[in-house]
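J.: Shown below is the structure under consideration.
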Amino acid sequence: MDRLACVDVPALPLQLLLARHPDWKRHPAVVVERDQPQGKILWTNERARRRHIRSGMRYAAGLALAKDLQAGTVPESDIAEGIARITAELRGFSPKIEPSDRQPGVFWLDASGLGRLYPSLTDWAQRIQRRLNRSAVYGRVVIGFTRFGTYAVARAGGHSVQLFEHPEHERCAALQVALECLDLSPPLRDRLERLGIRNVEAFLALPPGGVRRRFGAETFRLYEFARGSLWTPLRPQAEPVVHRHPIQFEPAEADVHRLLFRAKPPLCELLDGLASRGEALTELELHLTLDRGPRHVEHIRTAAPTRDERQILNLVHLRLEDAALGAGVTELELVLHSVRENQEQLALFTHEVPRDLHAGNRALARLRAEFGEDSVVHAQLAEAHLPEASFRWEPLEHLTRPNPRNNTLRPLVRRLFARPRRLPPRPRREPDSWLLLGERGGAATHRGGPYVVSGGWWVALVHREYHFVELQSGELCWVYYDRRRQKWLLHGQVG
């Protein structure tokens, strides 16, 4: 019978945060969605849980429970780097490793056929744990037979290494796991607790139709996963291939065009090697050793896996032109990251000419190469108290096709100004003479409101009375009266 192992690195983002701040280990510590009082708590350590601080709370609520609460954010890039590093460590113990795409820090390993390489599977698991400890992370290893069984027991804590000899023993242990140990959203966790459902056995006793109808598709997916209905074979992550080529310069070279001229032949040779193996470039690293100063590294990501020599050289040229090195280069090392090429099937008939997403992604790659990785962003909605904080800018990796909805009425769009504009005071007689936008907009004709936004005691008390004001020209303005400052301000326009 095939054996499966689950390696759980609990609260991996929190472990990464505490590795950056070792002194926080003596205090309650959490990872927050954003470093603001209303930021949501995502992961907590044991000291925080003893103070009744749980994931899903706001940072301000956590501070009310523990004045010495330490909090920080962990970027997605750091989490991805941590997962990649742990995956690389685990490759020495199993050829097939699947990192979870839903829970950072959970890995499944194929443990079949390892009995001849190690004295026992327990010894194999103990070696995995020692390797994780040397990587400054703590993890648990559970060896069993099913995905959910090993995952649930690993998440429950207890022994750092656990081996099940029979599938029924694994199932009995998984049924007793508390639901709060699993990857449940805080609202769902609280709803199930109010119903008295606190472990997997009680959860699976619910009728399937009722779970889908009452709790939604995501909860039903977890229900099916726990029942074993969503069985899938192990999907091991392909090992990334790295190719290196150093180039020496004597004397040191500072001219971008000459650097590019020397880099072109070895780069083309490396790309030819990728073509012979059926691989394509995903990322190019430029490791520059300077004549004076520290070693400099530039990362260039392509829009999609490619072997297009002209496109790659263009990105390298843009990045080197923008890089402020401050000294000549004595060595340039090319580091290529590649994956197996995925040939796209060509369509026989094209009924309409779609937008060229590949061209758009290539344009974004050029922008990132010239202006940096954070130059291409998109707005993402966020939960916040004030309108101007209700969205944040996040990096945009790839363009996607639009999915417009059919609306019978043209929706109105509220456009906010970066900084609210101060308005002249309202006259006693209105709407005859209140000119919000000067003479071009005309006087105000209709006004709706007030819609009060009040609070913000955790930073600075805010009391705003919002109004929609229609002008003679037909323009619709969104204004508010700041009660504390006793001023009228224009926050945006609707069109």
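J.: With +1 on each Lys and Arg Cβ and -1 on each Asp and Glu Cβ, how big is the dipole of the chain about its Cα centre, in debye rounded to the nearest 20?
T.: Dipole size: approximately 2280 debye.
J.: Which FRET efficiency value, to the nearest 0.05, is calculated for Leu435 and Gln129 with the Förster distance at 60 angstrom and r the Cβ-Cβ distance?
T.: 0.25
J.: Taking GluC sites (Glu not before Pro) as exposed when DSSP calls them loop (any state but H, G, I, E, B) and at most 13 other Cβ atoms lie within 10 Å, what is the longest stretch of the chain free of them, the sites themselves excluded?
T.: 166-343
J.: Please arrange Val256, Val74, Val469, Val413 by counting, for each residue, the other beta carbons lying within 10 Å of its beta carbon, fewest first.
T.: Listing Val256, Val74, Val469, Val413 from fewest to most nearby Cβ atoms yields Val413, Val256, Val74, Val469.
J.: May I have the convex hull volume per residue, in Å³, for the Cα set of segment 99-217?
T.: Expressed per residue, the convex hull around the Cα atoms of segment 99-217 is 127 Å³.
J.: Something else now. What does the charge dipole of segment 73-188 about its Cα centre add up to, to the nearest 20 debye, if the Cβ of each Lys and Arg holds +1 and the Cβ of each Asp and Glu holds -1?
T.: 380 debye
J.: Based on the alpha carbons, how large is the Rg to Rh ratio for segment 254-309 when Rh follows Kirkwood?
T.: Result for segment 254-309 is an Rg/Rh of 1.02.
J.: When Cys477, Cys181, Cys172 are ordered from fewest to most other Cβ atoms inside 10 Å of their Cβ, what list results?
T.: By the 10 Å Cβ count, ascending: Cys172, Cys181, Cys477.
J.: DSSP loop trypsin sites (Lys or Arg not before Pro) in segment 81-172 with at most 11 other Cβ atoms within 10 Å of their Cβ, which ones?
T.: Answer by residue number: Arg102, Arg116.
J.: Find how many whole Å separate the alpha carbon centroid of segment 105-147 from the alpha carbon centroid of segment 57-95.
T.: Cα centroid to Cα centroid, the span is 21 Å.
J.: Can I ask one more? Where Rh denotes the Kirkwood radius from the mean inverse Cα pair distance, what is Rg over Rh for segment 37-190?
T.: 1.00
J.: When Lys and Arg each count +1 and Asp and Glu each count -1, what net charge do the other residues less than 12 Å away from Glu250, Cβ to Cβ, add up to?
T.: Here the count lands on -2.
J.: Of the options Gln126, Leu325, Gly278, report the single residue whose Cα projects farthest towards the positive end of the charge dipole of the chain (beta-carbon charges: Lys, Arg +1; Asp, Glu -1).
T.: After comparing all options, I get Gln126.
J.: Let me ask you something else. Grab the beta carbon distance between Glu239 and Leu367, set R0 = 45 Å, and tell me the FRET efficiency rounded to 0.05.
T.: 0.90
J.: Next question, about the same structure. So what are the ³J(HN,Hα) numbers for segment 114-129, from phi and the Karplus equation (6.51, -1.76, 1.60; θ = phi - 60°), rounded to whole Hz, Gly and Pro as x?
T.: Going residue by residue, I get 9, x, 8, 8, 10, x, 7, 5, 5, 4, 4, 5, 5, 5, 4, 5 Hz, with x marking Gly and Pro.
J.: Kirkwood hydrodynamic radius, computed over distinct alpha-carbon pairs, for segment 272-335: how many Å, to one decimal?
T.: The Cα-based Kirkwood calculation yields 12.8 Å.
J.: Can you give the calculated 222 nm mean residue ellipticity of the chain, where each DSSP H run of n ≥ 4 adds -39,500 (n - 2.57) and the sum is split over every residue, rounded to the nearest 500 deg cm²/dmol?
T.: Calculated at 222 nm, the ellipticity per residue is -9000 deg cm²/dmol.
J.: Can you list residues whose amide H is under 5 Å from Ala443's amide H, if they're 5+ apart or on another chain and H is modeled 1.01 Å from N?
T.: Here Gln472 satisfy the definition.
J.: Summing +1 for each Lys or Arg and -1 for each Asp or Glu, what net charge is found among the other residues whose Cβ lies under 10 Å from the Cβ of Pro95?
T.: Once all neighbours under 10 Å are counted, the net charge is 0.
J.: If you take every DSSP beta bridge fully contained in the chain, what fraction is antiparallel? Give it as a percent rounded to 5.
T.: Antiparallel: roughly 95 percent of the beta bridges in the chain.
J.: Under 5 Å between amide H atoms, partner at least 5 residues away or on a different chain: which partners does Phe391 have, H built in plane at 1.01 Å?
T.: Those lying under 5 Å, H to H, from Phe391 are Ala382.
J.: Calculate the spin-label point distance for Leu195 paired with Phe417, positioning each point 7 Å from the Cα along the beta-carbon direction, and give it in nanometres.
T.: 5.0 nm
FYI, it's all coordinate maths here, none of it is from the lab. All values derive from a computational prediction rather than experimental measurement. Every residue, glycine among them, receives a Cβ derived from its backbone with ideal geometry; neighbour counts consider all protein chains shown.
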